[in-house]
Structures are given as structure tokens and as C-alpha cells.
Amino acid sequence: MHEEIAALDDQQRELDDLLAARPDADWHLSSRCEGWTVADVMTHLCQSDEIAAAGAQGSFEEAVTRHSPFD
């Protein structure tokens with residue numbers, strides 16, 4: 001399981017590096033996902049990584065509840 005967590009960490013660092021140099025205005029641009037901004041896609045990716053990591057650590061249900069849009 002440590003390999004999976006390390007892979008998620010690596011993915012997050014790579015994504016951070018890609019986005020660090022972008023201007024703030026880019027968060028509001030449309031993405032290739034119809035109806036989603038860059039910020040929407042990034043939120044989805046980050047939440048998915050957090051839920052995957054939580055599942056590996058035994059707290060999947062808590063993470064899903066924390067990120068549920070249906071509160």
C-alpha cells in the first residue's frame with residue numbers, strides 16, 4: 001500500500017509544479033470538461049486523491065462524507 005500512497009504523492013507534486021507558474025486568472029478558464037472551469041477540475045482531482053489516500057489508510061467513509069456535495 002505504501003507504493004500507492006507514494007504514487008499519489010508524486011502525482012500531487014507533479015500537478016503542483018504544473019500549476020504553480022499559472023496566473024490566478026487561469027483558475028476561471030473553461031477546461032476540456034464541458035461546463036467545468038480549471039478550478040472545478042482541480043478540486044475534483046484533489047478530492048479524488050484525498051479519498052483514495054483515505055481509503056488506503058482505512059478512513060474511506062469519512063473522506064467521502066467530508067467531500068460529498070449532498071450535505
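The values are calculated or read from the model by the stated rules, or taken from the named source; none is laboratory data. Just so you know, these numbers come straight off a predicted model, no measurement behind them. Backbone-built Cβ (ideal geometry, glycine too); neighbour counts: all protein chains shown. For the accessible areas, the whole protein counts, side chains as well, though only heavy atoms, and no ligand, DNA or RNA atoms are used. Shrake-Rupley method; radii C 1.70, N 1.55, O 1.52, S 1.80 Å.
Loop only per DSSP, at most 12 neighbouring Cβ atoms within 10 Å: give me the chymotrypsin sites (Phe, Trp or Tyr not before Pro) in region 15-71, ordered by residue number.
70
Which of the trypsin sites (Lys or Arg not before Pro) found in the chain are in a DSSP loop and have at most 10 neighbouring Cβ atoms, other than their own, within 10 Å?
Qualifying residues, ordered by number: 32.
Calculate how steeply helix 2-20 sits against the longest principal axis of the alpha-carbon atoms of the chain, using the helix alpha-carbon long axis, and give the answer as 0 to 90 degrees to the nearest 10.
For helix 2-20, the angle is close to 20 degrees.
When only Cα pairs under 8 Å and 6 or more residues apart are kept, what is the percent relative contact order across the chain?
23 percent
Let me know the shape class of the chain, please: from the alpha-carbon gyration tensor, a ≥ b ≥ c as square roots of the eigenvalues, rounded when a/c is under 1.5, otherwise prolate if a/b is greater than b/c, or oblate.
Numbers: a/c = 3.00, a/b = 1.39, b/c = 2.16.
Since a/c reaches 1.5 but b/c is at least a/b, the shape of the chain is classed as oblate.
Just the accessible area per residue of the chain, please: how many Å² with a 1.4 Å probe?
Per-residue accessible area for the chain comes out at 81 Å².
Out of the total accessible area of the chain (probe 1.4 Å, heavy atoms of protein only), what percent is carbon and sulfur?
Details: 3140 of 5720 Å².
The nonpolar share, carbon plus sulfur, comes to 55 percent.
Which is farthest toward the positive dipole end of the chain among 37, 15, 48, measuring Cα position about the Cα centre, with Cβ charges +1 (Lys, Arg) and -1 (Asp, Glu)?
Ranked along the dipole, the leading option is 37.
Helix 38-56 sits at what angle to the longest principal axis of the chain, using alpha carbons and giving 0 to 90 degrees rounded to 10?
10 degrees
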